[in-house]
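Novice: One structure, as structure tokens, below. Some questions next.
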Amino acid sequence: MMAGGGVRFLVLILVVAICGAASVFQPISDSHRSAALDVFVPVDGSYKSLEEAYEALKTLEILGIEKKSDLSSATCEYVVKVLGSSSSTLKDAFYALNVNGILKCKIGEAGPKDIVSQLQAGVKDAKLLLDFYYSVRGLVLVKEQFPGTDISLGDAEAIFRSIKALSQSDGRWRYSSNNPESSTFAAGLAYETLAGVISLAPSELDPSLIQTLKKGIVKLFDSIQKFGMHDGTFYFDEKSVDASQGPISTTASVIRGLTSFAASESTGLNLPGDKIVGLAKFFLGVGIPGDAKDFFNQIDALACLEDNKFSVPLILSLPSTVISLTKKEPLKVKVSTVLGSKAPALSVKLTQALSSKSVDSSVINNQELKFDADSATYFLDSFPKNFDVGKYTFVFEILLDDSAHEKVYITEAQTKVPIAATGVISIENAEIAVLDSDIGSVESQKKLDLTKDGAVSLSANHLQKLRLSFQLTTPIGNAFKPHQAFFKLKHESQVEHIYLVKTSGKKAELVLDFLGLVEKLYYLSGKYEIQLTIGDASMENSLLSNIGHIELDLPERPEKAPRPPQQSTEPYSRYGPKAEISHIFRIPEKLPAKQLSLVFLGVIVLPFIGFLIGLTRLGVNIKSFPSSTGSAISALLFHGGIGAVLLLYVLFWLKLDLFTTLKALSLLGVFLLFVGHRTLSQLAAASNKLKSA
Amino acid sequence: MARSSTSKDAQDLFHSLRSAYLATPTNLKIIDLYVCFAVFTALIQVAYMSLVGSFPFNSFLSGVLSCIGTAVLAVCLRIQVNKENKEFKDLAPERAFADFFLCNLVLHLVIINFLG
């Protein structure tokens, strides 16, 4: 499941990376809400676990979607059961309390007391971070839902210290004191837990403890990672590759932790504003996740960013990034919080409009956008006279009004948005002519109206040329180079030829010299239909027009000329499957039959047997094997050494490599040298004695 | 007449060779036997290769050359150990055997490496 989530995330990364440097982030909208209904309503009428139920209900609550009553009652029953039983785990009790906070089930009078005592026991016995988290956060939830219940945390400072003992110097946290691996996800959990301890503590905690925590948060922010190269998104991720939490859940956990910490902490938490905006953009850039857990983490993190004590990010978005110069509609810009709520009073300025053609100079400079209170959008309705069609990058800046706000709002320094301006391109002086090739004089010339199909009829032979020319100008009179300008000749036998019309300045021209093209046209004479295509993203009147036909008179095909390719009747068959390729692999060498090899194995052994028989016939004996113990031992060692070397050779052949063999051989060789020398010198001494005696 | 004399001569030659050979000391006969064994093994390998083709040529070469190599070394040992050889009178036979043993060790290391 995690691997699937990881693969999906990689696909998301690819999609966002392709979108390029400047991109528009949209706040949460109704498409999210309708997707949430698909993702979070369980198929068989009940949620599989309290954790899933909590995630689904919290997401639906944040998005403002009504809960189904039968589902709520079924879930409430389960919640009441869990909270009433004394054998529920801390995790179940925690999620049951969370669900109860959303659904507000009727627990009953005795309920809270049992749970409180269970959670307090959990806090006292807790050793792992997750145990601390479930028990402390559970007690915080009980305090919110059942006001008046007596909750005493015991020695809050000791609990604080024991949680803090699991922290690491790089800002991450460990799950337990035994496990040395640290995790960023655990850091988020730890900050939530510590926030709970601070809020439940009967008296103020030591401020120096809180100060060291703030330093830890700064360290944690050092490990933040950039998502895209230039779009200013940031996220948190785990250090190790096979971590169980992906970037979405890790970043959400950190944001949850920091939000609860900032809420509980009295002196205020300062976090770098651009990173907060980057984190908001990361979650908005995810789009609509298909996974329930990712969806919950995205919406929960955005809800934390929407309403927190450090800084609330504001997002600038555009409903449409296309300006049509013919429709003359204003360009609309919306500024809102991440969940789509209203932003405070501010002004939006378009500082620059950089054209893709000339990146240095800006067409529009420092234009303030007007505000429409009814639709809460900012708009720009007048464009300068020299605003031409094409691709632009608009740079917006948001300036917050100075009046005091309850919350601290933060925006991006500059938001770059890609804008496309479209318009009607005027096509003038379109004409097609047949020219005599050597002189260049015009034989026949026809004017064209490219807005409708024509019935031009021309004829040419292979000594002549065909010339097509027209002029393209933008609405304000500049030259225009279209993205696509194709001229197609189609023979009666369906053979097609496509040529590109080249543009230079305002004029676009194509000259086809039939003398050079005779072979390419496969020597096919006859009637050719002419079709012209002009298209571009900025052109509102892209066209494909059948101009007419031309009778071509080409010479006879010689013997060796290539035939035209077979045109199949199906126009899309070229996109069908191609012929299968049969690969030729190296034919493996022919090996002899197994029985033959085995027979020869037997035959090879025969000379060796013959050798042994011959030895016995010769009367070989080992009488001169030394009898005295010293010499016997060295002789035995010598023979043993020889046997070891032979064994080493067999192992070398079977599996060892040369270097290990050489190493072992050098050791054995030194040993054999000594032992052999001793044995042979003793033998020599013995034979000398015999000779002299 | 001539034929019978040549055949008788051949027989006489054969007998004299045989008797001379029987007089050689036993250790030399052992070495001779070893050489014959090595050469026969090489011949059988060549016969096998001629039957089935020389596909892993390195293995064939390795096998044949190990037999020939050890035969050559044995012949050298025989020359050095033979007491009738005046040149090697001062060389102790144990020293010659040590040389034979060492050279065989190196030969077989190379052979096993080349065997593949």
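The values are calculated or read from the model by the stated rules, or taken from the named source; none is laboratory data. Because the structure is a prediction, the values reported are computed rather than measured. Counting neighbours? That spans all protein chains shown, and the Cβs are built from the backbone with ideal geometry, glycine included.
Novice: Using beta carbons and a limit of 7 Å, which pairs, at least six apart or on different chains, have the first residue in the stretch A:254-278 and at positive phi and the second one surrounded by fewer than 24 Cβ atoms within 10 Å (Cβ to Cβ) and among the aliphatic types (A, V, I, L, M)?
Specialist: none
Novice: Do the conditions hold for residue A:107, that is, is it of a type in the set (A, V, I, L, M) and not in a helix (DSSP H, G or I)?
Specialist: Working: of a type in the set (A, V, I, L, M): yes; not in a helix (DSSP H, G or I): yes.
Considered against the rule, which asks whether it is of a type in the set (A, V, I, L, M) and not in a helix (DSSP H, G or I), residue A:107 comes out as yes.
Novice: Looking at (1) aromatic (Phe, Trp, Tyr); (2) out of contact with any strand residue (DSSP E or B) (no Cβ under 7 Å at 6 or more places or on another chain); (3) over 30 Å from residue B:55 (Cβ atoms), which one does residue A:514 not meet, given that it meets all the others?
Specialist: Failed condition: (2).
Novice: Can you find a residue that is assigned by the TED database to the domain that holds residue A:519, on the phi < 0 side of the Ramachandran plot, over 49 Å from the mean Cα position of the chain (by Cα) and at pLDDT below 90 anywhere in the stretch A:471-480?
Specialist: Start the filter on the stretch A:471-480 by keeping residues that are assigned by the TED database to the domain that holds residue A:519, which leaves A:471-480.
Retained after the next criterion (residues that are on the phi < 0 side of the Ramachandran plot): A:471-476, A:478-480.
If we keep only those that are over 49 Å from the mean Cα position of the chain (by Cα) too, we end up with none.
No, the stretch A:471-480 contains no residue that is assigned by the TED database to the domain that holds residue A:519, on the phi < 0 side of the Ramachandran plot, over 49 Å from the mean Cα position of the chain (by Cα) and at pLDDT below 90.
Novice: All but one of (1) hydrophobic (A, V, I, L, M, F, W, C); (2) closer than 30 Å to residue A:589 by Cβ; (3) within 20 Å of the chain's Cα centre (by Cα) hold for residue B:23, so report the exception by its number.
Specialist: It is condition (2) that residue B:23 fails.
Novice: Please state which of the following conditions residue A:229 fails to meet, knowing it meets all the rest: (1) of a type in the set (A, V, I, L, M); (2) assigned by the TED database to the domain that holds residue A:131; (3) over 16 Å from residue A:133 (Cβ atoms).
Specialist: Against the list (1) of a type in the set (A, V, I, L, M); (2) assigned by the TED database to the domain that holds residue A:131; (3) over 16 Å from residue A:133 (Cβ atoms), residue A:229 comes up short only on (2).
Novice: Just checking, which of A:521, A:510 is in a loop (DSSP other than H, G, I, E, B), in the same structural domain as residue A:447 (by the TED database) and in contact with a Phe, Trp or Tyr (Cβ under 8 Å, 6 or more places away or on another chain)? Steps first, answer last, please.
Specialist: Numbers: A:510 fails: in a loop (DSSP other than H, G, I, E, B).
Criteria check complete, one pass: A:521.
Novice: Here is a list of conditions, (1) of a type outside the set (D, E, K, R); (2) surrounded by 13 or more Cβ atoms within 10 Å (Cβ to Cβ); (3) more than 14 Å from chain B (Cβ to nearest Cβ); (4) in a loop (DSSP other than H, G, I, E, B), and residue A:530 meets all of them except one; can you say which number that is?
Specialist: Tallying (1) of a type outside the set (D, E, K, R); (2) surrounded by 13 or more Cβ atoms within 10 Å (Cβ to Cβ); (3) more than 14 Å from chain B (Cβ to nearest Cβ); (4) in a loop (DSSP other than H, G, I, E, B), residue A:530 fails exactly one: (4).
Novice: In the stretch B:76-116, which residue that is aromatic (Phe, Trp, Tyr) and either under 23 Å from residue B:21 (Cβ atoms) or in contact (Cβ under 8 Å) with a residue 24 or more places away in the chain (or both) is surrounded by the fewest Cβ atoms within 10 Å (Cβ to Cβ)?
Specialist: Step one: of the stretch B:76-116, the residues aromatic (Phe, Trp, Tyr) are B:88, B:97, B:100-101, B:114.
Narrowing the set further to residues that are either under 23 Å from residue B:21 (Cβ atoms) or in contact (Cβ under 8 Å) with a residue 24 or more places away in the chain (or both) leaves B:88, B:97, B:100, B:114.
Values: B:88: 16, B:97: 17, B:100: 19, B:114: 14.
Filtering first and then ranking leaves B:114.
Novice: May I pose another question? Output the residue which, of all residues in the stretch A:568-592 that are within 14 Å of chain B (Cβ to nearest Cβ) and loosely packed, with under 10 Cβ neighbours inside 10 Å, is modelled with the highest pLDDT. Give the steps one after another, and end with the answer.
Specialist: The initial filter retains those residues of the stretch A:568-592 that are within 14 Å of chain B (Cβ to nearest Cβ), namely A:586-592.
If we keep only those that are loosely packed, with under 10 Cβ neighbours inside 10 Å as well, we get A:586-590.
Details: A:586: 87, A:587: 83, A:588: 81, A:589: 79, A:590: 78.
Residue satisfying both the conditions and the ranking: A:586.
Novice: Return the residues of the stretch A:145-163 that are in contact with a helix residue (DSSP H, G or I) (Cβ under 7 Å, 6 or more places away or on another chain) and not in a loop (DSSP other than H, G, I, E, B); say none if nothing qualifies.
Specialist: Of all residues in the stretch A:145-163, those in contact with a helix residue (DSSP H, G or I) (Cβ under 7 Å, 6 or more places away or on another chain) come to A:145-146, A:149, A:151, A:153-154, A:156, A:159-160, A:163.
Hits for the stretch A:145-163 are A:145, A:156, A:159, A:160, A:163.
Novice: Would you check which residues across the stretch A:82-104 are closer than 25 Å to residue A:66 by Cβ, assigned to a helix (DSSP H, G or I) and not hydrophobic (A, V, I, L, M, F, W, C) and list them?
Specialist: A:95, A:98, A:100, A:101
Novice: Return the residues of the stretch A:657-666 that are at the interface with chain B (Cβ under 10 Å from one of its Cβ atoms) and among the hydrophobic types (A, V, I, L, M, F, W, C); say none if nothing qualifies.
Specialist: The answer is A:658, A:662, A:665.
Novice: Continuing with this model, one more query. Which ones in the stretch A:164-185 are assigned to a loop (DSSP other than H, G, I, E, B), in contact with a helix residue (DSSP H, G or I) (Cβ under 8 Å, 6 or more places away or on another chain) and on the phi < 0 side of the Ramachandran plot? Working first, answer last.
Specialist: Step one: list which residues in the stretch A:164-185 are assigned to a loop (DSSP other than H, G, I, E, B), which gives A:165-166, A:168-172, A:175-181.
If we keep only those that are in contact with a helix residue (DSSP H, G or I) (Cβ under 8 Å, 6 or more places away or on another chain) as well, we get A:166, A:169-172, A:175-176.
Answer for the stretch A:164-185, where residues must be assigned to a loop (DSSP other than H, G, I, E, B), in contact with a helix residue (DSSP H, G or I) (Cβ under 8 Å, 6 or more places away or on another chain) and on the phi < 0 side of the Ramachandran plot: A:166, A:169, A:170, A:172, A:175, A:176.
Residues are listed down the side, and each one gets a yes or a no for (1) among the hydroxyl-bearing types (Ser, Thr, Tyr); (2) assigned to a loop (DSSP other than H, G, I, E, B); (3) under 26 Å from residue B:111 (Cβ atoms); (4) touching a Pro at 6+ places or on another chain (Cβ under 8 Å):
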position	(1), (2), (3), (4)
A:602	no, no, yes, no
A:639	no, no, yes, no
A:644	no, no, yes, no
A:652	no, no, yes, no
A:673	no, no, yes, no
A:681	yes, no, no, no
A:685	no, no, no, no
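Novice: Restrict the check to the stretch B:4-14 and report whether at least one residue is in a helix (DSSP H, G or I), surrounded by 17 or more Cβ atoms within 10 Å (Cβ to Cβ) and either within 14 Å of chain A (Cβ to nearest Cβ) or not polar (S, T, N, Q) (or both). Before the answer, list the steps.
Specialist: From the stretch B:4-14, those in a helix (DSSP H, G or I) are B:4-14; that's our starting set.
Now narrow it down to the ones that are surrounded by 17 or more Cβ atoms within 10 Å (Cβ to Cβ): none.
Taking every residue of the stretch B:4-14 in turn, none turns out to be in a helix (DSSP H, G or I), surrounded by 17 or more Cβ atoms within 10 Å (Cβ to Cβ) and either within 14 Å of chain A (Cβ to nearest Cβ) or not polar (S, T, N, Q) (or both).
Novice: Next question, about the same structure. Within the stretch A:462-487, which residues are surrounded by fewer than 17 Cβ atoms within 10 Å (Cβ to Cβ) and either of a type in the set (Lys, Arg) or in a strand (DSSP E or B) (or both)?
Specialist: Of everything in the stretch A:462-487, those that are surrounded by fewer than 17 Cβ atoms within 10 Å (Cβ to Cβ) and either of a type in the set (Lys, Arg) or in a strand (DSSP E or B) (or both) turn out to be A:469, A:473, A:479, A:481, A:484, A:486.
Novice: Output the qualifying pairs, or none if there are none: Cβ atoms under 8 angstrom, residues six or more apart or on different chains, first residue in the stretch A:606-626 and more than 7 Å from chain B (Cβ to nearest Cβ), second residue part of a loop (DSSP other than H, G, I, E, B) and of a type in the set (Gly, Ala, Ser).
Specialist: none
Novice: Now, a different point. Residues in the stretch B:30-46: is at least one within 11 Å of another protein chain (Cβ to nearest Cβ), hydroxyl-bearing (Ser, Thr, Tyr) and not in a helix (DSSP H, G or I)?
Specialist: Within the stretch B:30-46, none of the residues are within 11 Å of another protein chain (Cβ to nearest Cβ), hydroxyl-bearing (Ser, Thr, Tyr) and not in a helix (DSSP H, G or I).
Novice: Still on this structure: Looking only at the stretch A:267-318, count how many residues are small (Gly, Ala, Ser), part of a helix (DSSP H, G or I) and within 24 Å of residue A:214 (Cβ to Cβ). Talk me through it step by step, then tell me what you get.
Specialist: The initial filter retains those residues of the stretch A:267-318 that are small (Gly, Ala, Ser), namely A:268, A:273, A:278, A:280, A:285, A:287, A:290, A:292, A:301, A:303, A:311, A:317.
With part of a helix (DSSP H, G or I) added as a condition, the list becomes A:273, A:278, A:280, A:285, A:292, A:301, A:303.
Within this subset, residues satisfying the condition of being within 24 Å of residue A:214 (Cβ to Cβ) are A:273, A:278, A:280, A:301, A:303.
The number of residues fulfilling the criteria is 5.
Novice: Which of the residues that make up the stretch A:595-605 are within 60 Å of the chain's Cα centre (by Cα) and within 11 Å of another protein chain (Cβ to nearest Cβ)? First the steps, then the outcome.
Specialist: Initially, the stretch A:595-605 is screened for residues within 60 Å of the chain's Cα centre (by Cα), giving A:595-598.
Within the stretch A:595-605, A:596, A:597 qualify.
Novice: Could you say which residue among A:614, A:630, A:619 is surrounded by 10 or more Cβ atoms within 10 Å (Cβ to Cβ) and under 21 Å from residue B:32 (Cβ atoms)?
Specialist: Exactly one residue qualifies, and that residue is A:614.
Novice: Pairs under 6 Å by beta carbon, first residue farther than 16 Å from residue A:301 by Cβ in the stretch A:51-80, partner modelled with pLDDT under 85 and surrounded by fewer than 17 Cβ atoms within 10 Å (Cβ to Cβ), six or more apart or different chains?
Specialist: Correct list of pairs: A:74/A:46.
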